[in-house]
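One structure below.
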There are 2 protein chains.
Amino acid sequence: MQFVAGRSREKLVAFQSFANTTMQLSALGQSDIILIAVSDDSIAQVAAEIPETNALIVHTSGSTSLEVLEPRERIGVFYPLQTFSKNKELNYKKIPFLIEVKIEEDLQLLSKLTHALQAEHFRMNSKERAAYHLAAVFSNNFTNHILTESETLCEQHRISFQLLKPLLEETIEKAFEKGPENSQTGPAKRNDSKTIEKQLAALQTTEQKDLYTTLTKAIQKHYER
Amino acid sequence: MQFVAGRSREKLVAFQSFANTTMQLSALGQSDIILIAVSDDSIAQVAAEIPETNALIVHTSGSTSLEVLEPRERIGVFYPLQTFSKNKELNYKKIPFLIEVKIEEDLQLLSKLTHALQAEHFRMNSKERAAYHLAAVFSNNFTNHILTESETLCEQHRISFQLLKPLLEETIEKAFEKGPENSQTGPAKRNDSKTIEKQLAALQTTEQKDLYTTLTKAIQKHYER
């Protein structure tokens, strides 16, 4: 039986089609797994409010250690290495789940859970998981901001940002197939100062110029070695 | 009949299975279209060396104007908005071709060419094409460098860079579906200085710290407005 517990009656509505919903943490006592999916800062507090239980209690945070769930014994982490948003479907098969448990036997339960989602899981400790979280934040947040500035650039020149989609898909595809270092191209990589000057002049905002200068210097420095 | 002309006998070998190859530009006189696919700086010179012809002569450069092919009359541009590399297959259907012609009637020929590749084409002038080229360089080059630093970060922590691939694919998917501005998440966006400090401390090289600081500040500045 699936239960979803939450503090907001409104937000629970979305879950009613596939689970029982409740605003009482005490209703969760009979479960096999209790999954705490809240902001990092609230994990310890929510965990403390869960009544005594035989269930395996796991949190879903990349940067929070397993120990935050102590002194309980049956604890674990179930961290999906993916970015989520409301109203956007995800292919769960393609999410790597990074899992950790305190008691060896509980591994099987989390393994069954990823199996039910047809996803892959990777066992690791809190330190390794934190490294993945850092690399994920670094890649996702910064790539996304570069796209934000690209979109502004397109708006300024009255051209379509959408037309860049195949290029960006190929950028990612290639970086993971050949390695990003082998895939680097462009004026910064080949130290083409004429083009760099021309492109800098074509940028209209300080934000774009700053980002262009910093990343161009970073690329130049990286490849002069 | 398809001809590929090149200066290097060795490099021409790769084309022999599907075209006649030649080292003589004079052999191209009978063609319908002559496609100049050389570095930007060499386009004018190669164009000048092509003997008098009734063919439509086009270059494939994003940042070079149509005029570089003058004083000839039947000239055009056939620019694929995509990144290419040797030894990596591409799905041509997914490449937007940005095209330009001097004589209206020649449009049909380039349109037929993209049709033969099952690709889409978009007609525009040299200025618009240059804007796409700039946005493409900006997005592709800088995203790729961020992935290069992410890979280094993974190596330093002995974790697998490959595990980040589904996340990056979703980052691109989401940025083009919801818009990158609506997709921004992370400590910089929510001004979470505790996490920012923690992450900065976990980065091991000056390169990563510099990139992290610049992009974090850029994101903070962008969203404080």
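The table for this structure:
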quantity: Principal-axis tilt of helix B:165-178 within chain B, Cα atoms, nearest 10 degrees; calculated: 80 degrees
quantity: Average silhouette area of segment A:3-124, convex hull of alpha-carbon atoms, in square nanometres; calculated: 7.4 nm²
quantity: Shielding score for A:151-161, defined as the mean number of other chain Cβ atoms within 10 Å; calculated: 5
quantity: Trypsin sites (Lys or Arg not before Pro) within segment B:49-143, DSSP loop, no more than 12 other Cβ atoms inside 10 Å; calculated: B:K86
quantity: Antiparallel content of DSSP bridges confined to chain A, in %, to 5; calculated: 25 percent
quantity: In degrees, nearest ten, helix A:193-202 long axis to first principal axis of chain A (Cα); calculated: 70 degrees
quantity: Assigned charges on the beta-carbon of Lys, Arg, Asp, Glu; chain A dipole about Cα centre (debye); calculated: 660 debye
quantity: Pairwise label distance in nanometres, A:D210 with B:A201, each label 7 Å out on the Cα-Cβ vector; calculated: 2.6 nm
quantity: Of the chymotrypsin sites (Phe, Trp or Tyr not before Pro) in segment B:84-170, those whose Cβ has at most 16 other Cβ within 10 Å and which sit in DSSP loop; calculated: B:F84
quantity: With DNA, RNA and ligands ignored, accessible area of A:D41 (1.4 Å probe; Å², nearest 10); calculated: 130 Å²
quantity: Structure-based [θ]222 nm, chain A - -39500 (n - 2.57) summed over DSSP H runs of at least 4, per residue, nearest 500; calculated: -14000 deg cm²/dmol
quantity: Estimated Rh, segment A:95-165: Kirkwood, alpha-carbon pairs, angstrom; calculated: 15.2 Å
quantity: Residue-span extension gain [A:F18 to A:D192] - 0.36 nm each, minus C-alpha spacing; calculated: 56.9 nm
quantity: Per principal axis, descending, Cα span of the protein assembly as shown in whole Å; calculated: 89, 42, 39
quantity: Convex hull (Cα only) mean projected area of chain A, reported in nm² to one decimal; calculated: 16.2 nm²
quantity: Rg(Cα)/(2.2 N^0.38 Å) for segment B:131-224, N = residue count; calculated: 1.14
quantity: Exposure ranking of A:T206, A:T185, B:T148 by accessible area [1.4 Å probe, largest first]; calculated: A:T206, A:T185, B:T148
quantity: Paramagnetic reach from A:Q156 (point 7 Å along Cα→Cβ, amide N under 16 Å) across segment A:171-206; calculated: A:196-206
quantity: Residues A:E52 and B:K93, FRET efficiency given R0 of 56 Å [Cβ-Cβ distance, rounded to 0.05]; calculated: 0.40
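The values are calculated or read from the model by the stated rules, or taken from the named source; none is laboratory data. What you see is a predicted model, and the numbers here were worked out from it, not measured in a lab. Reconstructed Cβ throughout: ideal geometry from the backbone, glycine too, with neighbour counts over all protein chains shown. Keep in mind that these areas ignore ligands, DNA and RNA; they rest on the heavy atoms of the full protein, side chains included. Shrake-Rupley method; radii C 1.70, N 1.55, O 1.52, S 1.80 Å.
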